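Asks: Structure incoming, see below.
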Amino acid sequence: MNKVRHLAIIMDGNGRWAKSKGRTRSFGHKQGLKNLDKIIRVLIKNNIKYLTLYTFSYDNWKRPKKEITNIFILLENYLKKNFNDLKKKNINVSFIGENNKLPQSIRKLIKLYNNNKFNKSKLRINVAFNYSSKKEIMNAIRLLFREKKKINEVNFVKSLYTRNFPDPDLLIRTGGRKRLSDFLLWQISYTELYFIDKLWPEFNENDLVKVLKNFKLIKRNYGK
Ligand code: IPE
Ligand code: IPE
Ligand code: MG
């Protein structure tokens, strides 16, 4: 039976969920963030060690300024409020993505979290924030050249933002769209993909448990 080490999630559908309730998109993002706690509990219960969350893509800068500011405020508050609690629960949070364009206050928090490594974490969460897979790949290539490293797979993987994480075993995208939107393009070569119609704020524990059960029974070939 397959074991999940690393789950990646594209948490899509906050805006449509809010619209269906006659609320603002920002309300949708708030609800989406709240939904995370339940998901984290299921992961810990199932002994899954790595989680990558797509929370803001590099292309999300194309959205209205008001929505972007709102997402940033939500993240900032969450990070400030939960630092001690996450530490107590042995949940290690780090960030991947581009550092430019982000407000100073968020950069400071990202630094604080990224520097706060501890060995015995129950769960390691990588937050893909201001993230672009294509930019990550370009950046890795530039790094290899700058450090005059040999161009091979091992060195390349070591130059990616995800260097400390194994490749995802499964990827869930909620919100009904069957696309990757510039997320972990290299890392998901052999990942099992689950595209779920439910919008992120209504994706619940049972939905996740169902995916995990299904995943366990899949035969993974890796070309064999
Ligand atoms: C995903 O939900 C969250 C972010 C991209 C920040 P969306 O905001 O994309 O919601 P929909 O897809 O418009 O419903
Ligand atoms: C992908 O969702 C990014 C996140 C969930 C953070 P989008 O809603 O931005 O993706 P597209 O634009 O529909 O491809
Ligand atoms: Mg979307």
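The values are calculated or read from the model by the stated rules, or taken from the named source; none is laboratory data. Predicted model only: the values in this text are computed from it and were never measured. With ideal geometry, Cβ positions are generated from the backbone for all residues, glycine too; neighbour counts draw on all protein chains shown. Keep in mind that these areas ignore ligands, DNA and RNA; they rest on the heavy atoms of the full protein, side chains included. Shrake-Rupley method; radii C 1.70, N 1.55, O 1.52, S 1.80 Å.
Asks: So how strong a dipole does the chain carry about its Cα centre when Lys and Arg Cβ are +1 and Asp and Glu Cβ are -1, to the nearest 20 debye?
Replies: On the way: 50 positive and 18 negative charges, 73 e Å.
Taking the Cα centre of the chain as origin, the dipole is about 360 debye.
Asks: Given a 1.4 Å probe and every protein chain left where it sits, what share in percent of the accessible area of the chain is carbon and sulfur?
Replies: Here it works out to 52 percent.
Asks: Rolling a 1.4 angstrom probe over the protein heavy atoms, how many square angstrom per residue are accessible across the chain?
Replies: Heavy-atom accessible area per residue stands at 57 Å².
Asks: Looking at the calculated P(r) for the range 1-124, what percent of the C-alpha pair distances fall above 25 Å? Intermediate values should be presented prior to the final figure.
Replies: Values: 2117 of 7626 pairs.
Tail of the P(r) past 25 Å holds 28 percent of the pairs.
Asks: Which shape class, rounded, prolate or oblate, goes with the range 62-173 when its Cα gyration tensor gives a ≥ b ≥ c as root eigenvalues, a/c under 1.5 marks rounded, and past that a/b bigger than b/c marks prolate?
Replies: Here the range 62-173 falls in the oblate category.
Asks: If amide H atoms are built 1.01 Å from N in the plane of the peptide, which residues on other chains or at least 5 residues away come under 5 Å of the amide H of N130?
Replies: Sorted by chain and number, the residues that satisfy this are F56, S57.
Asks: How large is ³J(HN,Hα) for each residue in the range 197-210, as worked out from phi by the Karplus curve 6.51 cos²θ - 1.76 cosθ + 1.60 (θ = phi - 60°), to whole Hz, x for Gly and Pro?
Replies: Using θ = phi - 60°, the values come out as 6, 4, 7, 3, x, 9, 6, 10, 3, 5, 4, 5, 4, 4 Hz.
Asks: Just want the answer: with Cβ charges of +1 for Lys and Arg and -1 for Asp and Glu, which residue in L86, Q31, H6 is farthest toward the dipole's positive end in the chain?
Replies: In the chain, that residue is L86.
Asks: With the convex hull built on the Cα atoms of the range 114-163, state its orientation-averaged projected area in nm².
Replies: Orientation-averaged projected area of the Cα hull: 4.6 nm².
Asks: Next up: Which entries in the list K65/K198; K30/K122; K80/K213; K120/K213; K122/K213; K87/K150 go over 30 Å, if you measure between the two C-alpha atoms of each?
Replies: Exceeds cut-off: K80/K213; K87/K150.
Asks: What is the P(r) of the range 137-177, as percent of Cα-Cα pairs per 10 Å bin from 0?
Replies: Here the calculated profile for the range 137-177 is 25, 40, 22, 12, 1.
Asks: Taking θ = phi - 60°, what integer Hz values does the Karplus form 6.51 cos²θ - 1.76 cosθ + 1.60 yield along the range 59-65, in sequence order, with x for Gly and Pro?
Replies: 6, 5, 4, 6, 7, x, 4
Asks: Amide H neighbours of T52 under 5 Å, counting only residues 5+ apart in sequence or on other chains, H built in-plane at 1.01 Å?
Replies: Amide H neighbours of T52, under 5 Å, 5+ apart: L7, A8, I9, N126.
Asks: Measuring from centroid to centroid over Cα atoms, what is the spacing of the range 130-146 and the range 68-83 in Å?
Replies: If you average the Cα positions of each part, the centres end up 26 Å apart.
Asks: For the pairs K3/K45; K19/K134; K45/K178; K149/K224; K89/K117, note any where the Cα-Cα span goes beyond 21 Å.
Replies: Beyond 21 Å between Cα atoms: K19/K134; K45/K178; K149/K224.
Asks: Something else: I need the shape label for the range 112-224. Rule: rounded when a/c is under 1.5, else prolate if a/b > b/c, else oblate, with a, b, c from the alpha carbon gyration tensor.
Replies: prolate
Asks: Could you work out the Kirkwood radius for the chain, taking every pair of different alpha carbons, averaging 1/r and inverting it, reported in Å?
Replies: Working: mean 1/r = 0.0545 Å⁻¹.
One decimal place: 18.3 Å for the Kirkwood radius.
Asks: For n ≥ 4 DSSP H runs only, could you compute -39500 (n - 2.57) per run for the chain, divide by its residues and tell me the 222 nm figure to the nearest 500?
Replies: Estimated from H runs of four or more residues: -14000 deg cm²/dmol.
Asks: Further, regarding this structure: Taking the DSSP beta bridges in the chain as the whole, what percent of them are antiparallel, to the nearest 5?
Replies: The antiparallel proportion sits near 0 percent.
Asks: Enumerate by residue number the chymotrypsin sites (Phe, Trp or Tyr not before Pro) in the range 173-203 meeting two conditions: DSSP loop (anything except H, G, I, E, B), and at most 13 other Cβ atoms within 10 Å of the site's Cβ.
Replies: Hits after loop and neighbour filter: Y190.
Asks: Measure out, as a whole number of angstrom, how far apart the alpha-carbon centroids of the range 149-224 and the range 1-51 sit.
Replies: Taking the Cα centre of each part, the range 149-224 and the range 1-51 sit 14 Å apart.
Asks: Moving on. What shape does the range 1-56 take by its C-alpha gyration tensor, where a ≥ b ≥ c are the square roots of the eigenvalues and a/c under 1.5 counts as rounded, a/b above b/c as prolate, and the rest as oblate?
Replies: prolate
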